[in-house]
């Protein structure tokens, strides 16, 4: 896991799956906050378990609720083109029009979204 700080945002890139369930998400949030003192985090999509993107499993809502509870803005960057699920596409659309969680294509876009108020 590599972490760099850009504009007070912790940008994390990992080749390993970091977020597998609710507990690993909480551990991730707290570790990043402790190590960087940032309350905005960008993470590459491949560091999140694939089940997260199957909304019927319910893991996405539970995990994202922890980011909200811990007052942490979160952007997941990566390629979403392989997903055909309408509920997931709607979820991504709604999230991107909010102010706390974003699904974007690249690191630069993640930083831009996390900086908007």
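Laboratory data are not the source of any read-out in this text; all were calculated from the coordinates shown. It should be emphasised that the depicted structure is a prediction, and the values quoted were computed from it without experimental measurement. In this analysis, Cβ positions are derived from the backbone assuming ideal geometry, glycine residues included, and neighbour counts consider all displayed protein chains.
Among the residues making up region 50-70, those that are touching a residue at least 40 places away in the same chain (Cβ under 8 Å) and either farther than 20 Å from residue 111 by Cα or assigned to a helix (DSSP H, G or I) (or both) are 62, 63, 66, 67. For residue 29, the requirement of being out of contact with any helix residue (DSSP H, G or I) (no Cβ under 8 Å at 6 or more places or on another chain) and either farther than 19 Å from residue 9 by Cβ or in a helix (DSSP H, G or I) (or both) is not met. Just one of the numbered conditions (1) under 25 Å from residue 86 (Cβ atoms); (2) touching a helix residue (DSSP H, G or I) at 6+ places or on another chain (Cβ under 9 Å) is not true of residue 12: (1).
Residues in region 71-115 that are touching a strand residue (DSSP E or B) at 6+ places or on another chain (Cβ under 9 Å) and assigned to a loop (DSSP other than H, G, I, E, B) were compared, and the one that is surrounded by the fewest Cβ atoms within 10 Å (Cβ to Cβ) is 99.
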